[in-house]
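Q: Let me give you the structure first, and then I'll get to my questions.
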Amino acid sequence: MDTRRLMLLGVFLLSLYMLWDAWMIAQRPPSAADSAISADGAVTARQGADEALIPRAESNLRSARQEPDELTSDSSEDIPAESIFVSTDLVRAEISTLGGDLVWLGLNNYQVSSKDPEPFVLFSDAHSYRAQSGLIGGDGARLPNHKTMLVPLPGPRDLADGMDTLEIRLVAPETDGIRATKVYTFRRGSYLIDVSWEIENGSDAPLAPDAYFQLQRDGANPGGQSFFIVTFTGAAVYTEAGKYQKAPFADIAEGKAKFAKQASDGWLAMVQHHFVAAWAPEDNTLREFFMRKLGETKDGQDLFTAGIILPVDRIASGQTGRISVPLFAGPQEQSALKAVAPGLDLVVDYGWLHIIAAPIFWALEFINKLTGNWGWSIVVLTVLIKLLFYPLSAASYRSMAKMRALTPRLTQLKERYADDKAKLNQEMMKLWQTEKVNPLGGCLPILVQIPVFIALYWVLLSAVEMRGAPWMLWIDDLSVTDPYYILPVVMMISMFVQIRLNPTPPDPIQAKMMLIMPLVFGVMFFFFPAGLVLYWVVNNLISIAQQWHINRALDPANKVKQAANDKKM
């Protein structure tokens, strides 16, 4: 098998795996609803009504006594919730007075698509996606939770010029002498939102509550997914000990999600393509992580919650306590994610090739600082990678050129020994030894490069920087398909040219398969983001130039050898 066919086989098998993986995700059956779990919210990490949170002997966390269905509102259900609208330089937000939930969040610097200039919306009712928090425990004290009606205090709602921070304060009804205030702090130039609870203990006894911070979302993938491009949507936990652990919604629904249940560090997130929401406590307080299915939405989608429980320092009578957890809600910009919490940049998921993909993205980002255009940065990076691997590629192309020159003689041998396979193999081995040609000589160079090319594929697929980034002319968004399919057609043509430069397989069936392959891959690339197709087009064009140059350099010598051999025969 020549090197080109081996490379095409490798790409074909990779594509089959991607198709199989996408099909498995699409066909995964939903689990039966867990009737023991309330659809109103999950604020404890208990997996059943009779299971304790974490025993005091094993943890410093104080066990919450409420089950999800025991949480009730501290105010009249007849009072409708109001909306508080907030605006900063980067986001527009809506906070509901019911629980003080962050129920809508639009990102000013990211559009829905190149054809829809409206801000991309992360939190909304479209996916029942929201950030919630509340207080539990407290030795029987009635504390506000995400079902409690809060009262907003007067104050600015827009981050005006000259302001670096904006506070939104919502007060819960005073109960048993305890007054709690929920505080949102928005920052200029940041997708980080501080969510705090201030607790004034006016009772006669000390107070020791827990605070929970959770994200609620349905299990549907966001828009922009396709059968050929399926990215991870689900929950994730990171701890120093357990590292990055993904929890698909299907696993959460079936109770099979594997993640750290408690740690003294780490964060929890809801992840989707290009965007993430994450609770990232800053101190080393012992915390508990939880995930569970709540039930179903009105549209029939499975509804999930995932969050963190933290203990609040004991508050003496007459004193005030405070707990604050930053919420990052925005794009997966790696530099910003690294600044928020250790390991948060891992939500940009390159899988098992992260060790290769991370420096590739760094190089792409560096090139973009010079070019100012992500499309041209892809072109430059592809050229640099091809130059880096040129010695290996040249060895492969020389091997293919020699095999191409031997094709007529191999055809003659097959015709001469058509009825004697053993003799045919013997003569072919003799020919290769005489001409010093290794039919597998080009395999190793290709195999060495495959991990790099696959890593680059995942970099271009995962980088939010490609979203809405134009290249030139008709390509105004590298993260979506070519609107006129010009790049996929050019890629198909380039693949046909490469096949013409390679030895023609003596087997007619193999020859036909080689001609069909560009059509198969071309159709697949019709659904790929333009940035990925641009990379493959540039890669193919450079490969054609390199192979043509080597073929031309070796052609005179091959013709002399062929003429001499023809005279002998």
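The values are calculated or read from the model by the stated rules, or taken from the named source; none is laboratory data. From a predicted model like this one, the values you see are computed outputs, not experimental measurements. Quick reminder, even Gly has a Cβ in these numbers, built from the backbone with ideal geometry, and neighbours come from all protein chains shown. Accessible surface areas use protein heavy atoms only, side chains included; no ligands, DNA or RNA. Shrake-Rupley method; radii C 1.70, N 1.55, O 1.52, S 1.80 Å.
Q: What does the charge add up to near G372, with Lys and Arg as +1, Asp and Glu as -1, over the other residues with Cβ less than 14 Å from its Cβ?
A: Combined, the nearby Lys, Arg, Asp and Glu give -1.
Q: Which GluC sites (Glu not before Pro) in segment 280-372 pass both tests, a DSSP loop state and at most 15 other beta-carbon atoms within 10 Å?
A: Hits after loop and neighbour filter: E282.
Q: Still on this structure, please answer the following. Heavy atoms only, 1.4 Å probe, whole protein assembly: order I79, I168 by accessible area, highest first.
A: I79, I168
Q: In segment 182-329, carbon and sulfur make up what percent of the accessible area (probe 1.4 Å)?
A: 45 percent
Q: Which net charge results when you count Lys and Arg as +1 and Asp and Glu as -1 among the other residues whose beta-carbon is under 11 Å from that of S133?
A: With Lys, Arg at +1 and Asp, Glu at -1, the net is +1.
Q: My understanding is that a pair violates if its Cα-Cα distance is over 22 Å; which of K293/K338; K246/K338; K182/K293; K182/K258; K246/K293 do that in this structure?
A: Checking Cα-Cα distances, K293/K338; K182/K293; K182/K258 exceed 22 Å.
Q: Another question about this same structure. Quote the accessible area belonging to M428 in square angstrom, nearest 10, computed with a 1.4 Å probe and with ligands, DNA and RNA left uncounted.
A: Roll a 1.4 Å probe over it and M428 shows about 30 Å².
Q: With every protein chain left in place, what is the accessible area of Y238 in Å² (1.4 Å probe, nearest 10)?
A: The value for Y238 is about 20 Å².
Q: Same structure, new question: Let me have the relative contact order for segment 152-264, percent, based on Cα pairs under 8 Å that are six or more residues apart.
A: 13 percent
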